[in-house]
Protein chains: 2
Amino acid sequence: MSNEKTAVTPTRKEDFPGWYQEVLTVSDLAEHAPVRGCMVIKPNGYAIWEVIQSILDKKFKSLGVKNAYFPLLIPLSFLEKEAEHVEGFAKESAVVTHTRLEKGADGKLIPTSPLEEPLIIRPTSETIIGASFAKWIESYRDLPMKINQWCNVMRWEMRPRLFLRTSEFLSQEGHTAHASKEEAQKMALDMLKLYADFAENYLAIPVIRGEKSEGERFPGAMNTYTFEAMMQDGKALQMGTAHFMGTNFAKASDIQFLSKDGVREYAHTTSWGVTTRMIGAMVMVHGDDNGVILPPRVAPHQIVIIPFLMKEGDSCEIMNYCLKLKEELESVQYWGRGLSIILDDRELRAGEKSWDQIKKGYPIRIEIGAREMKEGKIPLFLRTKEKKEALYVSKEELKLKISSILDQVQSDLYAKALSYREANTVLVSTQEEFEEIFRKEVNAGRFVLAPFKGDKTLEAEIQKDFGVTIRCIPHNLPPSCHSCLFTKQSNASQVIFAKSY
Amino acid sequence: MSNEKTAVTPTRKEDFPGWYQEVLTVSDLAEHAPVRGCMVIKPNGYAIWEVIQSILDKKFKSLGVKNAYFPLLIPLSFLEKEAEHVEGFAKESAVVTHTRLEKGADGKLIPTSPLEEPLIIRPTSETIIGASFAKWIESYRDLPMKINQWCNVMRWEMRPRLFLRTSEFLSQEGHTAHASKEEAQKMALDMLKLYADFAENYLAIPVIRGEKSEGERFPGAMNTYTFEAMMQDGKALQMGTAHFMGTNFAKASDIQFLSKDGVREYAHTTSWGVTTRMIGAMVMVHGDDNGVILPPRVAPHQIVIIPFLMKEGDSCEIMNYCLKLKEELESVQYWGRGLSIILDDRELRAGEKSWDQIKKGYPIRIEIGAREMKEGKIPLFLRTKEKKEALYVSKEELKLKISSILDQVQSDLYAKALSYREANTVLVSTQEEFEEIFRKEVNAGRFVLAPFKGDKTLEAEIQKDFGVTIRCIPHNLPPSCHSCLFTKQSNASQVIFAKSY
């Protein structure tokens, strides 16, 4: 391929949001549904979600978390139990008001049988799960209680973007209750660590862990911990969150336990979740102008084998050779799963297949023609390299070397994303610098690390003036000796400002 | 335990529905949610669903089925596309009419931002998936298309019963499109076979496969295939269905393809599904008056080890012995999974633990005290036998023998269920016999095999008069030479009449 021609138009540089939409189309991951704001997750996209689920689910279970399932619909009176919570979700609720349809005079269906109390489709499940916890927890012996649910969630969205913001999305929400504040807080931080490790080691996305500011906190939480990543347009994406609720939700749902000393106390709760948004992040961090690039450890298939059948007579022999190669590779264990290999035997020209598989982003492509077969050398085209540069490995060595080659692809992806983020993160110590960056660079995103000490009113003003928010107060930073850029108060925290999705 | 005292009150004989509700409580599988008609699937119950999912999902994928995800909400105009379909589901639809909540004058939340077109929560997804198929399918090369979705589904229910009938339930729905009628019909029948094999070989539930009569067919289908089981009260439960749609839904959703001959044709479609109802079936077929009995092949844990710690000094040694036993057993492969073992180390008296685990129905209980440890004999209490009769196996032989002992439990459960069904199935050849059975035995259920040839009006009359329906027209029966019990028409089919859930 020439360097000019790319599979995806527009390119990332020309129009990043346009590129994102197009890359999802050519890689067959997802599409807009006929229902406003909702998406169809196509088989290629859903397969990635299945891998993410299986890895996280094992990690959760190893921490003693058990899966369960709670109702989709939540009575309004439940939502009203926690004041900030209702404030946070009321404006984006899908409300069920009727339970029957009948034909009207014009033959069209109209809703009938109105509900006495309307129900909303869960935007999150703290209140409905809280009602169960209140029943299930009697004494300290029942604690900690650690429950997770894999489910669909709905937050009505006026400006949908596939995977990033849709009215309905798939998610996992963990909810735990503990006897002490310290234990609950540790739980939330442990989950943050688990998620951030997953993002870095599996999705190959470097993340910044930290705490949300007052203005960005989950409605009803004491602390919201977050991990944030930089997309290739320099904007931030919140990858997931873990919340320490204190006793706010325990009081709202009456989750009490009898302590060892025989005293009735409120439990301390947490909740934590990630969603199908992670798939969008992966696309926006790693994709290039030829399509998606899947990190090997979460790719549903790590390798695609394409037989190049030139002459009629070739076919059978080459196909058998490819089949054997596939079987051999599938016996290799890679990060807890057997390698998964596609043998692309579709009735298409080999060149067409190559391009199609490049767009879909499988980490390694193997093209086998008569010559490759004869010479016993296997050409590996790494998706992270130029299309025509193959890495040749002898057939004998392939099984031995393949895992480390895949891990190389994985670490190259991570390193590239990290260096991009570092190149686009600036330390700012005056308000003038801050204004210059966010006023001038309307489309070029940056992470700006700056000292801040203010309240949520100030945060809202900054958002209004510059279109940026505090993404987080990063953990593990040395204490700041600066005063706040805006309020000039001393002992400000270093925070990250950025435009975000 | 004495023979009189049972863990569950009422017993099955005293009050079967009361027993069913109570057995779900003591085994901690599920409970009613605060939302009318909905359930909370507790961790013990959800773990069974996870096993069912993992087994079925592998089987589906081996047939070339791919998972995907489609929107929860369906526009009314979609539902209206297929006349029988809308008829079938309109009266039990949860309708979303608003997308925002605001505080009214009294401070209470009221729904605002009405939708132009109301949306219903999917009762099934033929129409919304059909819209995607219409986009995705262009030519015969795209066929067959085989898609499955694991999801929640809602059909508003006025008389909910946990797992059997709830407004919301979890399910799997497969949807396929084919170039020919024959291929589609075969697909539906292949799925019926897959399901029935799963029910018999994993759930240990003998089922009768067959076709639904006109009155019981899925709204919009040409043929509905079903597999039906008998519960311990003699009533029938429809375990799942597979539908051949002909071109009905292809026409409604405009699913056309270009044939090999270059002609545009409508595809032939199928859909097929099973739900969390399978868990209810398992409980109602195998449970006894001491609780649930889980068939080993779908039990989340096959074995519970209970350390009997009598004297203070015992504890450490016995616990270590039990831990080692657990590890050894976990290395055994059983039906594609490693055995899963619970070591019950709760702070409870051993006797309490035994009873608790009996109620929960794990196939084998191992109780280890100082004597058992010293003698090196492992007492296995099979959940299918009396509580006090242990089967002793030497420690050395345990690993070798455990799989076949579990398989014995599995086949005992199946055999018992089959002989119960056979004992409660009667062949009837006159209307008088039929009336006598269903008039007299108000509570005692029966499967009545009888010749029938009539339409859905007659089916409705029979249902009104006797409270029974045609469960299915069984496959694999010799042709009947009888005339219909009711219409006296010749060449009637043998059908199964029964009361049902």
Q.
Taking B:Leu258 in one copy and the same position in all the others, each labelled 7 Å out along Cα→Cβ, what are the pairwise distances from the first, in nm, shortest first?
A. 7.5
**Q.** Cα-centre dipole for the stretch A:152-199 with unit charges at Cβ (Lys and Arg positive, Asp and Glu negative), debye to 20
**A.** 260
Q. Once the piece of chain linking B:Ala415 and B:Glu102 is laid out straight, how much longer is it, given 0.36 nm per residue of separation minus the C-alpha distance between them?
A. 106.8 nm
Q: As a check on your grasp of the helix formula, calculate [θ] at 222 nm for chain A: sum -39500 (n - 2.57) over DSSP H runs of n ≥ 4, divide by the residue count, round to the nearest 500.
A: -11000 deg cm²/dmol
Q: Return the FRET efficiency for the residue pair B:Lys5, B:Lys58: r is the Cβ-Cβ distance, R0 is 51 Å, and the value is rounded to the nearest 0.05.
A: 0.75
Q: Identify, among B:Phe133, B:Met191, B:Cys151, the residue whose Cα sits farthest towards the positive end of the charge dipole of the stretch B:99-226, taking +1 on the Cβ of Lys and Arg and -1 on the Cβ of Asp and Glu, with the dipole about the Cα centre.
A: B:Cys151
Q) Computed on protein heavy atoms with a 1.4 Å probe, what is the summed buried accessible area for the chain pair B and A, in Å² to the nearest 100? A) 5100
Q) How about the stretch A:322-359: which of its residues lose at least 20 Å² of accessible area in the presence of all protein chains relative to their chain isolated, using a 1.4 Å probe? A) A:Glu347
Q | Reduction of at least 50 Å² in accessible surface, 1.4 Å probe, comparing all protein chains with the chain by itself, residues of the stretch B:98-136 | A | B:Thr99, B:Arg100, B:Leu101, B:Leu109, B:Trp136
(Q) Please report the carbon-and-sulfur percent of the accessible area for the stretch A:259-374; probe 1.4 Å, protein heavy atoms only, DNA, RNA and ligands left out. (A) 49
Q: Calculate one ³J(HN,Hα) per residue across the stretch A:68-85 by plugging θ = phi - 60° into the Karplus curve 6.51 cos²θ - 1.76 cosθ + 1.60, and present them in order as whole Hz with x for glycine and proline.
A: 8, 9, 10, x, 5, 9, 10, x, 4, 4, 5, 4, 6, 5, 10, 4, 5, 4
Q: Would you please name the trypsin sites (Lys or Arg not before Pro) within the stretch B:1-43 that are DSSP coil residues with at most 10 other C-beta atoms within 10 Å of their C-beta?
A: B:Lys5, B:Lys13
Q: With everything on Cα atoms, drop me the angle between helix A:43-62 and the longest principal axis of chain A, reported from 0 to 90° to the nearest 10.
A: 60
Q: Give me the accessible area per residue for the protein assembly as shown, probe 1.4 Å, as a whole number in Å².
A: 41
Q) Under a plain spin-label model, where a point goes 7 Å from the Cα along Cα-to-Cβ, how far apart in nm are A:Arg159 and A:Ser483? A) 3.6
Q: State the percentage of accessible surface on the stretch B:426-501 attributable to carbon and sulfur atoms; use a 1.4 Å probe and exclude ligands, DNA and RNA.
A: 49
Q. Given labels modelled 7 Å from the Cα in the Cβ direction, how far is it in nm from B:Glu422 to A:Ser404?
A. 6.3
Q: State, as an integer percentage, the relative contact order of the stretch A:116-206 based on alpha-carbon contacts under 8 Å between residues 6 or more apart.
A: 25
**Q.** Charge dipole (debye, nearest 20) of the stretch B:16-122; +1 at Cβ of Lys and Arg, -1 at Cβ of Asp and Glu
**A.** 380
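Out of the stretch B:268-336, which trypsin sites (Lys or Arg not before Pro) are coil in DSSP terms and have no more than 10 other C-beta atoms within 10 Å?
Qualifying residues, ordered by number: B:Lys311.
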Q: State, to one decimal in nm, how far the label point of B:Asn320 lies from the label point of A:Ser77, with both points 7 Å from Cα in the Cβ direction.
A: 5.7
Q | Signed unit charges on C-beta, dipole axis of the protein assembly as shown, positive-most listed residue B:Tyr202, A:Thr176, B:Tyr501 | A | B:Tyr202
Q: Please state the charge dipole magnitude for the protein assembly as shown, taken about the Cα centre, from unit charges on C-beta atoms (+1 on K and R, -1 on D and E), reported in debye and rounded to the nearest 20.
A: 740
Q. Counting alpha carbon pairs within less than 8 Å and at least 6 residues apart, what relative contact order, in whole percent, applies to the stretch A:217-375?
A. 21
Q | Degrees between helix B:431-440 axis and first principal axis of chain B (Cα, 0 to 90, nearest 10) | A | 50
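Can you give the longest run of chain B that contains no GluC sites (Glu not before Pro) sitting in a DSSP loop with at most 14 other Cβ atoms inside 10 Å?
The segment B:139-311 is the longest one with no such site.
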Q: Using only Cα atoms, find the angle between the long axis of helix B:126-136 and the longest principal axis of chain B, and express it within 0 to 90 degrees, rounded to the nearest 10.
A: 70
Q) In whole percent, how big is the carbon plus sulfur part of the accessible area of the stretch B:1-143, probe 1.4 Å, protein atoms only? A) 50
Q | Among B:Ser253, B:Gly220, B:Met239 - extreme Cα towards positive end, dipole of the stretch B:192-260, charges at beta-carbon | A | B:Ser253
Q) Considering only Cα-Cα distances, which of the following residue pairs are longer than 31 Å: A:Lys108/B:Lys453; A:Lys103/B:Lys181; A:Lys235/A:Lys359; A:Lys66/B:Lys324? A) A:Lys108/B:Lys453; A:Lys103/B:Lys181
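The values are calculated or read from the model by the stated rules, or taken from the named source; none is laboratory data. Since the structure is predicted, the reported quantities are computational estimates derived from the model, not experimental observations. Cβ coordinates were reconstructed from backbone atoms using ideal geometry, including for glycine residues, and neighbour counts include every protein chain displayed. All accessible areas refer to the heavy atoms of the entire protein, side chains included, with ligands and DNA or RNA removed. Shrake-Rupley method; radii C 1.70, N 1.55, O 1.52, S 1.80 Å.
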